[in-house]
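Structure, as structure tokens:
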Amino acid sequence: RIIDLAFVIKNADGSMSGLELEDAGSDVFQAFESLTAERGGFVSDEDLQAVAGALEPNSAAAILVWEDVWATRLTEALAHAGGQLIDIQRVPRELVQEAVDWAKENRAPTGATA
């Protein structure tokens, strides 16, 4: 579920512009607004400045804050079973792709046994 969405633009001269979804009234932003279930203030001016600082001149970025709804259901199921979720870590996409590629290359032929 998308919670907050903001856009940062770093102009050719190095100046920065930032727009949060709730601050804009254009048709483009209204189209994005329909994606958000809730919104409000998760992206700060400091976040916008930090992202702009990492951008090359004459480029833009989007900042997206979302909730993994499946994690809420997992946490509830664990609690009902008497457990407690301690931590969730994200594995970078590149690492997952490397593991998938390795598995494809090293897969035993069909019918082979170890």
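Computed over protein heavy atoms with a 1.4 angstrom probe, the accessible surface ordering of Asp4, Asp101, largest first, is Asp101, Asp4.
Its Kirkwood hydrodynamic radius, worked out from the mean inverse distance over all distinct Cα pairs, puts region 35-104 at 16.2 Å.
What residues from region 67-99 fall in the zone where the backbone N is under 16 Å from a label point 7 Å along the Cα-to-C-beta line of Arg107? Zone members listed by number: 97-99.
The values are calculated or read from the model by the stated rules, or taken from the named source; none is laboratory data. It should be emphasised that the depicted structure is a prediction, and the values quoted were computed from it without experimental measurement. Every residue, glycine as well, gets a Cβ built from its backbone with ideal geometry; the counts of neighbours run over all protein chains shown. SASA here: full protein model, heavy atoms, side chains in, ligands and nucleic acids out. Shrake-Rupley method; radii C 1.70, N 1.55, O 1.52, S 1.80 Å.
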